[in-house]
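Peer 1: Attaching a single structure in structure tokens format; questions to follow.
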Amino acid sequence: MKKKQDNKNFWNRYAKLYDFEIHRFNRSAYSEMYRLMSAVLTREMKVLEIATGTGLIAINIADSVQSVEATDFSPKMIEAAMKKNVPDNVHFSVEDASALSFAAQTFDAVIISNALHIMPDPELVLMNIKRVLKPNGLLIAPTFSHGHLNNSTWKLNAFVLRIIGFETYSKWKPKEYVSFISENGFSIINWKVLKAAFPLVYLEAKLND
């Protein structure tokens, strides 16, 4: 529990820098993600976004869907998101991805971007996602891939990040990440690696029957 709280403290502090860092290091990857997401989302869909950060994805896909419930476990991230020019069909709230408060089979699609690798129990998060998705619901789950780093580089980076309160719990290569999603109740529809600060695995999947 302590590690999780420390991670939340980091993201609360980081909220003011979040947009700057995304635009500085990952602008083109995020633009490509918006395009790919908008191509598979429809105007009839009710969408849940987990780990929305400052709402970049939610705001950029709003025109493509019926509604977006954009959530984050960091109150400061949600505060930063709500200060933006937010479309009427986007609602922000504080939620714990491992204990979502929404009723079963509420959403047509769930987006969780660049977050599963920094969550202590990603399997539990996927269980929660499966519960709130409608039958055959869509999962869009891009995540940074760190598995290409050798052990010494990984340990050094992880140690430095841990000092400032940032914790990375999973280290996947792209195909390992795709397998992880598949093994946890989803059928892969499409995936590709986007160029970003770290390789970014963009992935779409359907909830298994």
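The values are calculated or read from the model by the stated rules, or taken from the named source; none is laboratory data. None of the values given here were measured: they were computed from a predicted structure. Backbone-built Cβ (ideal geometry, glycine too); neighbour counts: all protein chains shown. Quick note on the areas: whole protein, heavy atoms, side chains included, nothing else; ligands and nucleic acids left out. Shrake-Rupley method; radii C 1.70, N 1.55, O 1.52, S 1.80 Å.
Peer 1: Tally the residues that are of a type outside the set (Phe, Trp, Tyr) and under 14 Å from the mean Cα position of the chain (by Cα), restricting the search to the range 69-85.
Peer 2: Initial filter on the range 69-85 (of a type outside the set (Phe, Trp, Tyr)): 69-72, 74-85.
Filter once more, keeping what is under 14 Å from the mean Cα position of the chain (by Cα): 69-72, 74, 77.
Residues flagged as of a type outside the set (Phe, Trp, Tyr) and under 14 Å from the mean Cα position of the chain (by Cα) within the range 69-85 amount to 6.
Peer 1: From the list 187, 170, pick out the single residue that is at pLDDT 95 or above and either closer than 21 Å to residue 201 by Cβ or surrounded by fewer than 18 Cβ atoms within 10 Å (Cβ to Cβ) (or both).
Peer 2: 187
Peer 1: Please enumerate the residues belonging to the range 58-95 that are open to solvent by 20 Å² or more (accessible area, probe 1.4 Å), in a helix (DSSP H, G or I) and in contact (Cβ under 8 Å) with a residue 60 or more places away in the chain.
Peer 2: 75, 76, 79, 80
Peer 1: Further question on the same structure: In the range 200-207, is there at least one residue being open to solvent by 30 Å² or more (accessible area, probe 1.4 Å) and at pLDDT 95 or above? Working first, answer last.
Peer 2: Of all residues in the range 200-207, those open to solvent by 30 Å² or more (accessible area, probe 1.4 Å) come to 206.
If we keep only those that are at pLDDT 95 or above too, we end up with 206.
Yes - at least one qualifying residue is present in the range 200-207.
Peer 1: Pairs only if they're at least six apart or on different chains, beta carbon under 6 angstrom, first in the range 109-125 and under 14 Å from residue 99 (Cα atoms), second open to solvent by 10 Å² or more (accessible area, probe 1.4 Å) and not in a loop (DSSP other than H, G, I, E, B); list them, first residue then second.
Peer 2: 120/4
Peer 1: Given the residues 133, 126, which is the only one that is surrounded by 22 or more Cβ atoms within 10 Å (Cβ to Cβ), over 23 Å from residue 172 (Cα atoms) and among the hydrophobic types (A, V, I, L, M, F, W, C)?
Peer 2: Numbers: 126 fails: over 23 Å from residue 172 (Cα atoms).
From the options 133, 126, the qualifying one is 133.
Peer 1: Looking only at the range 31-50, count how many residues are within 20 Å of residue 193 (Cβ to Cβ) and in contact (Cβ under 8 Å) with a residue 60 or more places away in the chain.
Peer 2: Of the range 31-50, the ones within 20 Å of residue 193 (Cβ to Cβ) are 31-40.
Still in the list and also in contact (Cβ under 8 Å) with a residue 60 or more places away in the chain: 32-33, 36-37, 40.
So the answer is 5.
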